[in-house]
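Asks: Okay, handing you the structure first.
The values are calculated or read from the model by the stated rules, or taken from the named source; none is laboratory data. Computed from a predicted structure; not experimentally measured. Cβ: placed from backbone, ideal geometry, glycine included. Neighbour counts: every protein chain shown. Surface areas here come from the heavy atoms of the whole protein model, side chains and all, with no ligands, DNA or RNA. Shrake-Rupley method; radii C 1.70, N 1.55, O 1.52, S 1.80 Å.
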Amino acid sequence: MASNGSGQSNQLKHGAIGGIALVFLVIAAAAPLGASATNTPLIFMLGNGPAATFDFLIIGALLLLFSVGFTAMSTHITNAGAFYAYISMGLGKKFGTAAGFVAVAAYNLLSVYLVSAGGTFASSIIEQELGIAIPWWIVALILAAIILVFSYFGIEGGTKFLMVCLVCEVAVLAVVDVAVLVVNGPGAYSLDVFSIDMLFNGGVPGGIGLGVCFAFLCFIGFEATAIFGEETRNHRKIIPRATFAAVIVIAIVYSMSAWSVTTAYDVMGMGVAEAAAADPTSMYHNIAVMYCGDVVGHIFNWLLLISNFASWMAAHGMASRYLYSFARANLLPKAMERTNKAKSPFIACCVNMVLGLGISFIMAACGLDPYSQVGAICSSIAIVGIMIMELIVCIAIIAYMRKHNSEPGFGHNVFQTTIAPALAFVGMGYILYLVLSNFSLLTGFESFAVNLFIGGLMIIVGVIGYFVAIFKDRKGALVDPVSIDVDEEVADAA
């Protein structure tokens, strides 16, 4: 068992979660109810309208291609740094360190977004349901305290909670979907939503560009299977299965919900794009009330609050483990590599929470709206960073497999080592182009200079990280992340 210089253990708890729990954890991070109710209307309104159903399946297929090489690499590398470790092994420690800095920044900025969004939505729902007006920042502090309690007692308790949340989220979406199907019949579901003409000309000015862009955003977090690899039982088998299962389930849930809502508004004689433009924040809730009654509508609201909370909690776990892995590699203060009696990186968890709350509160104090501005800015930066890392991982997979695939224990086929990563690189590169081309719609700013700075911030972070790596390498202090003992034998035996 490894420890730091003071004798304090710095190992995560190996074998803490199994395959099903990992799938639930990752899907909870994607927040099926929250993403369906808040992101899908943006596809209806700004993207390719009814083709949202098809958009989710296309992005799901693209991410399955990415997962082919990603999971092949996961059978040989286990590290809470995930992308940081993969890129280090494929392209060298310097590139890996630079990408790691991007990962640390991206996931922690994602936490800032979730602080703002979680507090805002929770405050609004509490006022709507109970008639009590509580400032968003007070609600955010309360939710943050609950998350830290879960974090202190280790990953198992938080994962069980997220499993319950996810079952409830998917259940209420399924109830609404089934109600629409039963009331209107299968014949009401138009197959035109899967047509190529609808995909490229969905009747909305933004077209396919914004459609697939917003659809891709709903899948952010699926790569967390690798981040939690050190805490997973029999990770070499579980991570690939969990990754594919998570992508498939997320794609199906989003796609079916979008199809049901589209059908419901078609039956009413109102196009889904028109409905989204009229009331984007409540269109899913309105269908729930219309088809299932007020009780389900109230349940829908409370579960939407829980869905956003669950997403924040899962993202908090990912960001904390990146801080932990960087501290373990001597790239951040060593205090963050410590784990408590429950084998939780609790100091890193506290740092992540302080950063998330601090940045969001400071930006709000400067006059920015907590959701439409603070959330939009931070999520946009995080999305660009995560997509850049995914593109680099595609290259790293090809390079790593070309170097090692002839060795014992490898033997992956050419589709896993080259074709799938190359196709994923092309597809994801196009999605990133679409994101940057429509960046003003994500940030809410029209200024080209402002969007250029926000969009390029992750590149700046990566360049700074590369120079830090050069400096440390010259001093002989640049750590190879895979050389760090993570007690894989214990994990495999568990």
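Asks: Evaluate the following for F448: is it under 19 Å from G221 (Cα atoms), open to solvent by 20 Å² or more (accessible area, probe 1.4 Å) and aromatic (F, W, Y)?
Replies: no
Asks: Further, regarding this structure: Just to verify a result, which residue in the stretch 139-181, among those that are without any contact (Cβ under 8 Å) to a residue 24 or more places away in the chain and closer than 15 Å to V261 by Cβ, is farthest from the chain's Cα centre (by Cα)?
Replies: V178
Asks: Could you list all residues from the stretch 182-197 that are open to solvent by less than 40 Å² (accessible area, probe 1.4 Å) and part of a helix (DSSP H, G or I)?
Replies: Answer for the stretch 182-197, where residues must be open to solvent by less than 40 Å² (accessible area, probe 1.4 Å) and part of a helix (DSSP H, G or I): A188, V193.
Asks: Now, a different point. Just to be sure, is I134 outside any helix (DSSP H, G or I) and free of Cβ contacts under 8 Å to residues at least 60 places away in the same chain?
Replies: yes
Asks: Turning to a different aspect of this structure: Would you mind finding the one in E337, E390 that is within 27 Å of L423 (Cβ to Cβ), in contact with a helix residue (DSSP H, G or I) (Cβ under 6 Å, 6 or more places away or on another chain) and among the acidic types (D, E)?
Replies: E390
Asks: Go through the residues of the stretch 407-417 one by one and say whether even a single one is hydrophobic (A, V, I, L, M, F, W, C), over 19 Å from L217 (Cβ atoms), touching a residue at least 24 places away in the same chain (Cβ under 8 Å) and surrounded by fewer than 22 Cβ atoms within 10 Å (Cβ to Cβ).
Replies: Within the stretch 407-417, one or more residues are hydrophobic (A, V, I, L, M, F, W, C), over 19 Å from L217 (Cβ atoms), touching a residue at least 24 places away in the same chain (Cβ under 8 Å) and surrounded by fewer than 22 Cβ atoms within 10 Å (Cβ to Cβ).
Asks: Does the stretch 142-153 contain at least one residue that is aliphatic (A, V, I, L, M) and modelled with pLDDT under 85?
Replies: No, the stretch 142-153 contains no residue that is aliphatic (A, V, I, L, M) and modelled with pLDDT under 85.
Asks: Looking at the structure I just gave you, is S111 within 30 Å of I397 (Cβ to Cβ) and in contact with a Gly (Cβ under 7 Å, 6 or more places away or on another chain)?
Replies: For S111, the condition - within 30 Å of I397 (Cβ to Cβ) and in contact with a Gly (Cβ under 7 Å, 6 or more places away or on another chain) - is met.
Asks: Checking A422 against (1) closer than 27 Å to T75 by Cα; (2) open to solvent by less than 20 Å² (accessible area, probe 1.4 Å); (3) small (G, A, S), only one condition comes out false. Which one?
Replies: Single failed check for A422: (2).
Asks: Return yes or no: is A342 within 29 Å of F471 (Cα to Cα), open to solvent by less than 50 Å² (accessible area, probe 1.4 Å) and of a type in the set (A, V, I, L, M, F, W, C)?
Replies: no
Asks: Testing V354 on (1) open to solvent by 10 Å² or more (accessible area, probe 1.4 Å); (2) touching a helix residue (DSSP H, G or I) at 6+ places or on another chain (Cβ under 8 Å); (3) over 23 Å from F222 (Cβ atoms); (4) among the β-branched types (V, I, T), one condition comes back false. Which one is that?
Replies: Answer for V354: the failing condition is (2).
Asks: Also, quick follow-up: Out of all the residues in the stretch 479-493, is one or more of a type outside the set (S, T, N, Q), open to solvent by 80 Å² or more (accessible area, probe 1.4 Å) and either assigned to a loop (DSSP other than H, G, I, E, B) or modelled with pLDDT of 90 or more (or both)?
Replies: For the stretch 479-493, residues of a type outside the set (S, T, N, Q), open to solvent by 80 Å² or more (accessible area, probe 1.4 Å) and either assigned to a loop (DSSP other than H, G, I, E, B) or modelled with pLDDT of 90 or more (or both): absent.
Asks: Could you grab the pairs with beta carbons closer than 8 Å, sequence gap of 6+ or different chains, first residue in the stretch 461-479 and over 20 Å from V384 (Cβ atoms), second one hydroxyl-bearing (S, T, Y) and in a helix (DSSP H, G or I)?
Replies: As it stands, the answer is V468/T97; A469/T97; K472/T97; L478/T97, since those pairs meet every condition given.
Asks: Check every one of the helices (runs of 4 or more DSSP H) wholly within the stretch 198-272 and list those with 3 or more residues that are at pLDDT 80 or above and open to solvent by 10 Å² or more (accessible area, probe 1.4 Å).
Replies: 235-267
Asks: Can you list residue pairs whose Cβ atoms sit under 6 Å apart, with the first residue in the stretch 218-229 being over 17 Å from T40 (Cβ atoms) and the second being open to solvent by 10 Å² or more (accessible area, probe 1.4 Å) and not in a helix (DSSP H, G or I)? Count only pairs 6 or more apart in sequence or on different chains.
Replies: Hits for this filter: G229/T78.
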